[in-house]
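What follows is a single structure, written as structure tokens, with notes after it.
The values are calculated or read from the model by the stated rules, or taken from the named source; none is laboratory data. Everything quoted here is computed from the prediction, not taken from an experiment. Neighbour counts run over all protein chains shown; Cβ positions are idealised from the backbone, glycine included.
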Amino acid sequence: MSSDHSNESGNNSWTPLFDRFNQTIRAEADTLFKHIADSQTNLINEREGLRKEIELLRKEKDEMTQLLKKYDKIVTLNIGGQLFSTTIETLTNEECLFTKMFSGRFDLRDHQGATFIDRDPTHFRYMLLCKKKLDEAIIRVNHNKIIV
């Protein structure tokens, strides 16, 4: 019996050590689980932030695409020997001769790619500025100068 008694007392001497080890492991596991939960929350928040950023970038891309479509069809006009570049949209923003000229039914470009109009270019740039719908600006023509 003495050997059983010493065996029991030997097992009992290990119990506090195993209990401490068990507590340490549980504390470490709890800490790890908390870190994992915090990391998961951070990842979810970051993913949501990235989704919002992607949506903003898509919206910005769509806006830029629409803006660039305006410049998709740039036309060069040769007005009495002076070249002017503008968009077809600017020239056709209201019903006029340009609407018919640039409807797509006719190719009026010369060998250099410009559309020739046999007129004096002196005042054409003023007309072009007016066609660009400068609604908020006051344009004064003073000795061939534009003050906007």
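Below is a table of values for the structure above.
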read-out: Residue in the range 92-110 that is at positive phi, modelled with pLDDT under 85 and assigned by TED's automatic domain parsing to the domain that holds Cys130 present; value: yes
read-out: Arg125 outside any loop (DSSP other than H, G, I, E, B) and either of a type in the set (Lys, Arg) or loosely packed, with under 12 Cβ neighbours inside 10 Å (or both); value: yes
read-out: Selection within the range 84-98 - over 22 Å from Leu67 (Cβ atoms) and in a helix (DSSP H, G or I); value: Leu97
read-out: Matching residues, the range 31-76, being within 30 Å of Arg109 (Cα to Cα) and either among the small types (Gly, Ala, Ser) or not in a helix (DSSP H, G or I) (or both); value: Tyr71, Asp72, Lys73, Ile74, Val75, Thr76
